[in-house]
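Below is one structure, written out as structure tokens, with a few remarks after it.
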Amino acid sequence: MIKFFLMVNKQGQTRLSRYYEHVEINKRTMLEAEVIKNCLSRSKDQCSFIEYKDFKLVYRQYAALFIVVGINETENEMAVYELIHNFVEVLDKYFSRVSELDVSFSVSEMHL
């Protein structure tokens, strides 16, 4: 099961967040900061799957954006990795060329 979906820029700023289970606002901020730090600090040669607390992180980098999905331990990491890619392809078709500005202004209007 997907717990949350984040789009983050290289500076560590969250551009989009969507939670699929209740997390208090102050805990979201701490969670996002830790998740972003874990993903951005990894090299391109490292695996895109990270075990973090009681769930897993699956992430992909597209230019200046990182897309991070938090999943439970029973979810298939490769399926989520492919889901991220398919999501970006849809955004690319919708926006012509996905950029951070497109995401921060337009995706927030979309209902995920």
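What follows is calculated from the coordinates using simple rules that are stated; it is not laboratory data. The structure displayed is predicted, hence computed values, not measured ones. When we count neighbours, we look across all protein chains shown, and the Cβ atoms used for this are built from the backbone with ideal geometry, even at glycine.
Brief remarks follow.
- Two-site FRET efficiency, residue 24 against residue 63, from Cβ-Cβ distance with R₀ of 41 Å, rounded to 0.05: 0.80
- Cβ-defined net charge surrounding residue 23, 12 Å radius [Lys, Arg +1; Asp, Glu -1]: +1
- Taken over the chain, lysine pairs spaced eight or more positions apart, or on distinct chains, with alpha carbons under 27 Å apart number 20.
- For region 20-71, GluC sites (Glu not before Pro) meeting the loop criterion (DSSP other than H, G, I, E, B) and having at most 15 other Cβ atoms within 10 Å: 21, 24.
- Checking every one of the trypsin sites (Lys or Arg not before Pro) in region 1-105 against DSSP loop status and a limit of 11 other Cβ atoms within 10 Å picks out 44, 53, 97.
- Compared with the dominant Cα axis of the chain, that is its longest principal axis, helix 25-40 is turned about 80°.
- Simple Cβ-charge dipole of the chain, Lys/Arg +1 and Asp/Glu -1, about Cα centre, in debye nearest 20: 300 debye
- Highest-MSF residue in the chain out of 25, 36, 84 [GNM, Cα springs under 10 Å]: 25
- Rg(Cα)/(2.2 N^0.38 Å) for the chain, N = residue count: 1.01
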